[in-house]
Amino acid sequence: MAVTREALLKYLSKKTRADLSKIDDTTELFSSGMVDSFAMVDLLMWLEKQTGARVNPDDVSIDNLDSIERILAYAASRKR
Amino acid sequence: MSAASSSGTAPGIVVVGSPRSGTTLLRRVLDAHPNIACPPETYLFGAAARFLHADEFAAGLRIGVVDGLSFAGFPEDEVLGRLRGLVFGFLEDYAKKIGKPRWAEKTAFDAFHLDAIRRLCEGHVKFVCIHRHGLDVALSLGDLVAKTGGYVDELHAYMRRYPEPLEAMARAWVDAATAVAELAEASDDALSLRYEDLTAAPEVELRRVFEFLDEPYDEELLGRALAGTGGVGFGDWKTYARAKVDRSSVGRWKTLPTPVQVKLAGICNPTLERLGYEPVETEDEDAEEARRRYELGLLLNRMKQDKGEGE
């Protein structure tokens, strides 16, 4: 299943206390502390469920996970 | 029976709520009112509850002060009246000392002694009951324990039974919040409010509180409450560092790992719903998912390390 921007934002709003109305697609989520480690692990598990593909160890990187834009791009690359 | 003071003055006010539910904020607001004196936590009612404690055995005999004194010819009403006089007397004297006509009392751990406090106070005081989301309370109780370096008796009782601290704190909240809800539902002299509503719309909620207390509300009240310490003493240490109503701790429970949320939801959800909160969503995890979560956590730690080295 494709991960849409809307679904991702809905998920993040449920799982974090970040004010998502104040961010854009390039805002740093993890580096800025807006999304903490616990929420990021939740997000990885959610991505695995949504895409149906396991996250490879080398994929757990800032390049893939630090913004809405990067997460969506990574999810699209993992879609089965 | 409705609350009335024997002296014809307005009845005393007792604030009850689970510890870490905003009781100190309420205390500061009450104390800022020109007609109300609310000292820092006195522990008077908890002590009175211990005075009234009786052990009950299978034969039905209650062993404690009230029954002991009944054998000496002092009926229960008289014992309660004398105890009430002692406890209320300190609070009346405090109010007189600072030149206000009415007393209020708030000691957060009173929520664990409500049966005895109701026995002593119902019909003689007005209760202001405050609730807060149970998972936020559990987290905040954990902070309190870390700050004080130990458990007060009321919390230690739960820690002895439940070795996971957050579970113990959540169960303590369930018991305290349930006792407060039962009081609010049963008594005409009780008003309920929620911390989340109080911090979102303080003026609306406080107007409701003071209307219930038959006291005028003025728009400067909240500002006065937050400007001063209202007397230093026992109570929430955080509130003294805040000059405005602060919502930063509302919904903090969302930062808990999902498995912890799931566990606490199982404990707290029925009580949350009773109090009008949305239940916390639960998604049970099997052993394989728990293992995967652990693996991803380790990978994420590595990512944090790489990020640190890259900076």
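This table checks each residue for (1) in contact with a Cys (Cβ under 8 Å, 6 or more places away or on another chain); (2) over 24 Å from B:L213 (Cβ atoms).
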{"residue": "B:T9", "(1), (2)": "no, no"}
{"residue": "B:H33", "(1), (2)": "no, no"}
{"residue": "B:A37", "(1), (2)": "no, no"}
{"residue": "B:F45", "(1), (2)": "yes, no"}
{"residue": "B:A54", "(1), (2)": "no, yes"}
{"residue": "B:L69", "(1), (2)": "no, yes"}
{"residue": "B:G89", "(1), (2)": "no, no"}
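One line per residue, one yes/no per condition, for (1) free of Cβ contacts under 8 Å to residues at least 12 places away in the same chain; (2) surrounded by 15 or more Cβ atoms within 10 Å (Cβ to Cβ); (3) at negative phi:
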residue: B:V29; (1), (2), (3): no, yes, yes
residue: B:V87; (1), (2), (3): no, yes, yes
residue: B:R102; (1), (2), (3): no, yes, yes
residue: B:D115; (1), (2), (3): no, no, yes
residue: B:G123; (1), (2), (3): no, no, no
residue: B:F127; (1), (2), (3): no, yes, yes
residue: B:H131; (1), (2), (3): no, yes, yes
residue: B:G134; (1), (2), (3): no, yes, yes
residue: B:L141; (1), (2), (3): no, yes, yes
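Under the condition of being within 13 Å of chain A (Cβ to nearest Cβ), assigned to a loop (DSSP other than H, G, I, E, B) and either modelled with pLDDT under 85 or more than 23 Å from B:P163 (Cβ to Cβ) (or both), the residues counted in the stretch B:236-256 number 5.
Here is a check on your reading of the model: is A:R5 within 13 Å of another protein chain (Cβ to nearest Cβ) and in contact with an Asp or Glu (Cβ under 8 Å, 6 or more places away or on another chain)? If you could, list the steps in order and put the result at the bottom.
Values: within 13 Å of another protein chain (Cβ to nearest Cβ): no; in contact with an Asp or Glu (Cβ under 8 Å, 6 or more places away or on another chain): yes.
So A:R5 does not fit the description; no.
Can you confirm whether B:A111 is closer than 23 Å to B:L222 by Cα and either polar (S, T, N, Q) or crowded, with 23+ Cβ neighbours inside 10 Å (or both)? It is false that B:A111 is closer than 23 Å to B:L222 by Cα and either polar (S, T, N, Q) or crowded, with 23+ Cβ neighbours inside 10 Å (or both).
Of the numbered criteria (1) closer than 27 Å to B:R252 by Cβ; (2) part of a helix (DSSP H, G or I); (3) out of contact with any Gly (no Cβ under 9 Å at 6 or more places or on another chain), the one A:N64 fails is (1). Within this structure, A:L12 passes the test of being within 11 Å of another protein chain (Cβ to nearest Cβ), in a helix (DSSP H, G or I) and either closer than 22 Å to B:V280 by Cβ or under 10 Å from the mean Cα position of the chain (by Cα) (or both).
Among the numbered conditions (1) touching a His at 6+ places or on another chain (Cβ under 6 Å); (2) surrounded by 24 or more Cβ atoms within 10 Å (Cβ to Cβ); (3) not aliphatic (A, V, I, L, M), the only one that B:C38 does not meet is (1).
Yes/no matrix, rows are residues, columns are (1) among the β-branched types (V, I, T); (2) assigned to a loop (DSSP other than H, G, I, E, B):
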| site | (1), (2) |
| --- | --- |
| B:A10 | no, yes |
| B:T42 | yes, yes |
| B:F51 | no, no |
| B:D55 | no, no |
| B:R82 | no, no |
| B:D93 | no, no |
| B:E105 | no, no |
| B:F109 | no, no |
| B:F112 | no, no |
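Do the conditions hold for A:L29, that is, is it in contact (Cβ under 8 Å) with a residue 24 or more places away in the chain, away from chain B (no Cβ under 11 Å), among the aliphatic types (A, V, I, L, M) and under 17 Å from B:K304 (Cα atoms)? Judged against the criteria, A:L29 is a match.
I'm checking my understanding of the structure. Among residues of the stretch A:33-80 that are surrounded by 18 or more Cβ atoms within 10 Å (Cβ to Cβ) and in contact (Cβ under 8 Å) with a residue 60 or more places away in the chain, which one is nearest to the other protein chains (Cβ to nearest Cβ)? Here the answer is A:I71. Could you tell me whether the stretch B:273-286 includes any residue that is within 9 Å of chain A (Cβ to nearest Cβ), at pLDDT below 90, within 27 Å of A:G52 (Cβ to Cβ) and assigned to a helix (DSSP H, G or I)? No, the stretch B:273-286 contains no residue that is within 9 Å of chain A (Cβ to nearest Cβ), at pLDDT below 90, within 27 Å of A:G52 (Cβ to Cβ) and assigned to a helix (DSSP H, G or I).
The set of residues from the stretch A:5-23 being exposed (fewer than 15 other Cβ atoms within 10 Å of the Cβ), free of Cβ contacts under 8 Å to residues at least 40 places away in the same chain and over 18 Å from B:R247 (Cα atoms) comprises A:E6, A:K10. B:H156 fulfils the conditions (1) without any contact (Cβ under 8 Å) to a residue 12 or more places away in the chain; (2) more than 18 Å from B:D110 (Cα to Cα); (3) in a helix (DSSP H, G or I) except for a single criterion, (2). The residues of the stretch A:15-47 that are assigned to a helix (DSSP H, G or I) and in contact with a Gly (Cβ under 8 Å, 6 or more places away or on another chain), listed by number, are A:S37, A:V41.
Give the stretch B:124-146 a look and list any residue that's assigned to a helix (DSSP H, G or I) and closer than 29 Å to B:I13 by Cα, or say none.
In the first step, residues of the stretch B:124-146 are kept if they are assigned to a helix (DSSP H, G or I); the result is B:134-146.
Passing the criteria: B:G134, B:L135, B:D136, B:V137, B:A138, B:L139, B:S140, B:L141, B:G142, B:D143, B:L144, B:V145.
Apart from one condition, B:N301 fits all of (1) polar (S, T, N, Q); (2) outside any helix (DSSP H, G or I); (3) within 11 Å of another protein chain (Cβ to nearest Cβ); the exception is (2).
Inside the stretch B:266-301, can you point out the residues that are of a type in the set (G, A, S) and in contact (Cβ under 8 Å) with a residue 40 or more places away in the chain? Lay out the reasoning, then the answer.
Taking the stretch B:266-301 and keeping what is of a type in the set (G, A, S), we get B:266, B:276, B:287, B:290, B:297.
Hit for the stretch B:266-301 is B:G276, nothing else.
No other residue among B:A37, B:A54 is under 22 Å from B:R118 (Cβ atoms) and either of a type outside the set (F, W, Y) or modelled with pLDDT under 95 (or both) apart from B:A54.
The values are calculated or read from the model by the stated rules, or taken from the named source; none is laboratory data. On a predicted model such as this, the values are computed, not experimentally measured, just so you know. Note that each Cβ is placed from the backbone with ideal geometry, even for glycine, and that neighbours are counted across all protein chains shown.
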